[in-house]
1. Against the conditions (1) free of Cβ contacts under 8 Å to residues at least 40 places away in the same chain; (2) of a type outside the set (Lys, Arg); (3) more than 16 Å from Ala126 (Cα to Cα), where does Leu57 fall short? Just the number, please.
2. Any residue that is surrounded by 22 or more Cβ atoms within 10 Å (Cβ to Cβ), modelled with pLDDT under 95, of a type in the set (Val, Ile, Thr) and touching a Leu at 6+ places or on another chain (Cβ under 6 Å) - is there at least one of those in region 84-105?
3. Give region 57-88 a look and list any residue that's over 20 Å from Gly38 (Cβ atoms) and touching a helix residue (DSSP H, G or I) at 6+ places or on another chain (Cβ under 9 Å), or say none.
4. When the residues of region 125-151 are narrowed to those that are of a type in the set (S, T, N, Q) and within 20 Å of Ala84 (Cα to Cα), which ends up modelled with the highest pLDDT?
5. Any idea how many residues of region 22-59 are more than 13 Å from the chain's Cα centre (by Cα), of a type outside the set (A, V, I, L, M) and surrounded by 14 or more Cβ atoms within 10 Å (Cβ to Cβ)?
6. For region 1-45, name all the residues that are of a type in the set (S, T, N, Q), modelled with pLDDT under 95 and in a helix (DSSP H, G or I).
7. Enumerate the pairs (first residue in region 130-151 and under 26 Å from Ala27 (Cα atoms); second residue anywhere and of a type in the set (Gly, Ala, Ser) and at pLDDT below 70) with beta-carbon separation below 6 Å, excluding pairs fewer than 6 apart on the same chain, so at least 6 apart or on different chains.
8. Suppose the filter is modelled with pLDDT of 95 or more and aromatic (Phe, Trp, Tyr); does Phe112 pass it?
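The values are calculated or read from the model by the stated rules, or taken from the named source; none is laboratory data. Quantities reported herein were computed from a predicted structural model and do not represent experimental measurements. Positions of Cβ are backbone-derived with ideal geometry, glycine not excepted, and every protein chain shown enters the neighbour counts.
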Amino acid sequence: MLAFSSVSTQPVPSAHLIRHRSIFVIAEAALALAAVAGSVQLLAGVQTPPVSDLAKLGLHSWVVPGLWLLLSVGIPSATASWLAWRRSGRTVPAVLFASGALAFELVVQIPFVGPSVLQAVLGTCAVTLAALALHTRSTSTSQPDGAGASR
């Protein structure tokens, strides 16, 4: 069965998109909320790593990293969640962008604060969401009769 996106006029297999759609809405919203909470924590200086970790960057507070977290993870994840909720045809590219931005954020922070379990968990989320987005894209293209919807 085909459905038309509320933002795009391109057909999207509705049964398949709805299954992944709920995952995208919930996971990306959770990541956006975590990024906002982390940004507030960094901006407020609450439970932050030592400021000495930022010496290599010439920074003397966690304000810039807090804003970077909000811009690089919070906004892309919130956007991807909102587009999935709206059943937009732009959901898959948004999830891929948000996943890539999260992975980039994690890779960038490791040299400064060191590896942690949280980074491994968030990295797993990024890879899983990207894989689901790629799966959604591969099963929803060139299937005009809805054949990809049952996979």
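1. All conditions pass for Leu57, except number (1).
2. yes
3. First pass over region 57-88, keeping only residues over 20 Å from Gly38 (Cβ atoms): 58, 83-88.
Leu83, Ala84, Trp85, Arg87, Ser88, listed by residue number.
4. To start, the set of residues in region 125-151 that are of a type in the set (S, T, N, Q) comprises 128, 136, 138-143, 150.
Adding the requirement that they be within 20 Å of Ala84 (Cα to Cα) leaves 128, 136, 138-141, 150.
On the way: Thr128: 97, Thr136: 89, Ser138: 86, Thr139: 83, Ser140: 71, Thr141: 56, Ser150: 42.
By that ranking, first place goes to Thr128.
5. Result for region 22-59: 6.
6. Taking region 1-45 first, the residues of a type in the set (S, T, N, Q) are 5-6, 8-10, 14, 22, 39, 41.
Filter once more, so that each one left must be modelled with pLDDT under 95: 5-6, 8-10, 14, 22.
Answer for region 1-45, where residues must be of a type in the set (S, T, N, Q), modelled with pLDDT under 95 and in a helix (DSSP H, G or I): Ser14, Ser22.
7. Thr139/Gly148; Ser140/Gly148; Ala149/Ala15
8. Working: modelled with pLDDT of 95 or more: no; aromatic (Phe, Trp, Tyr): yes.
Here the answer is no, as Phe112 does not meet what is asked.
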